[in-house]
Amino acid sequence: MKNKIIVALDFNSSSRAVEFVDNLDPKLCRLKIGKELFTAAGPNLVETMIKKEFDVFLDLKFHDIPNTVANAVRVAVDLGVWMLNVHISGGSTMMKSAKDAILSHGDCKPILIGVTVLTSISNAELSEIGIDNDLRDQVVKLAKLAHQSGLDGVVCSAEEAKLLRNCMPADFILVTPGIRREQDATGDQKRVITPSQAIRNGSDYLVVGRPITQASSPSAALAAINSEIASV
Ligand code: C5P
């Protein structure tokens, strides 16, 4: 299988992102473009990265009425993204509309994944928005709903990956952020996990930002992570 590392391009301008990516090899990683960079640089940058032969995960977490989400998904399919996501809490009709838009539109069929509960949300905050389920139960419930609605997988913490790997089909894709090697600074991430442990927990793809983007040699940091997971 091609590379499991997705480098999070958390930059605020197109030029910084392009300059950074010039040091990376598309055979050794994929890229994630999220709300900050997309707001700054727009679809042109997505196309630039795809032209450079990178697989792009467009992390815009769509959450809107089904018609609007389906239309946004069609535009993303036209851009040629490799993966994109929606909030599962948008509901089954919204998710099915997103999946149908992928299946019926264009030649590129990106992987569609869902966001269960944001990892920044606590049990107390879940209750504030009217959900009295335990957080872990809510994550499992939403992952199952995503699967029933045709999604290919979910973004989840490494802890949740372990839980979901035991109750979801083997081909259900788990994408995990919060990755740090032993020597990396944790930054604002509260719960972090090493690349090898994330793979052992059942993650299929690891989203890695600052350990690579802030490294003195990003390509060396990427090589070290790839070598760590190659031995799992
Ligand atoms: O720099 P770092 O490795 O912490 O970056 C992780 C990336 O994954 C960021 O783009 C962040 O927004 C994203 N992310 C996350 N936790 C989630 C979902 C996405 O850290 N639950």
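The values are calculated or read from the model by the stated rules, or taken from the named source; none is laboratory data. All values reported here derive from a predicted model rather than from experimental measurement. Please note: Cβ atoms are built from the backbone with ideal geometry, for glycine as well, and neighbour counts cover all protein chains shown. To get the accessible areas, we keep the full protein, side chains included, count just its heavy atoms, and leave off ligands, DNA and RNA. Shrake-Rupley method; radii C 1.70, N 1.55, O 1.52, S 1.80 Å.
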Flag for residue 164 being under 27 Å from residue 25 (Cβ atoms) and touching a helix residue (DSSP H, G or I) at 6+ places or on another chain (Cβ under 6 Å): no
Select, from 106, 91, 153, the only residue that is modelled with pLDDT of 95 or more and over 17 Å from the mean Cα position of the chain (by Cα). 91
Whichever residue in segment 52-81 is open to solvent by 30 Å² or more (accessible area, probe 1.4 Å) and of a type in the set (D, E, K, R) and, among such residues, is nearest to residue 17 (Cα to Cα): 52
So is residue 98 open to solvent by less than 40 Å² (accessible area, probe 1.4 Å), free of Cβ contacts under 8 Å to residues at least 60 places away in the same chain and either of a type in the set (A, V, I, L, M, F, W, C) or not in a loop (DSSP other than H, G, I, E, B) (or both) or not? yes
Which residues, taken from segment 101-117, are within 21 Å of residue 42 (Cβ to Cβ) and assigned to a helix (DSSP H, G or I)? 101
Given the condition under 17 Å from residue 10 (Cβ atoms), at pLDDT 95 or above and more than 18 Å from the chain's Cα centre (by Cα), answer yes or no: does some residue in segment 177-193 qualify? no
Over segment 19-32, the set of residues open to solvent by less than 60 Å² (accessible area, probe 1.4 Å) and closer than 16 Å to residue 210 by Cβ is 20, 21, 24, 29, 31, 32
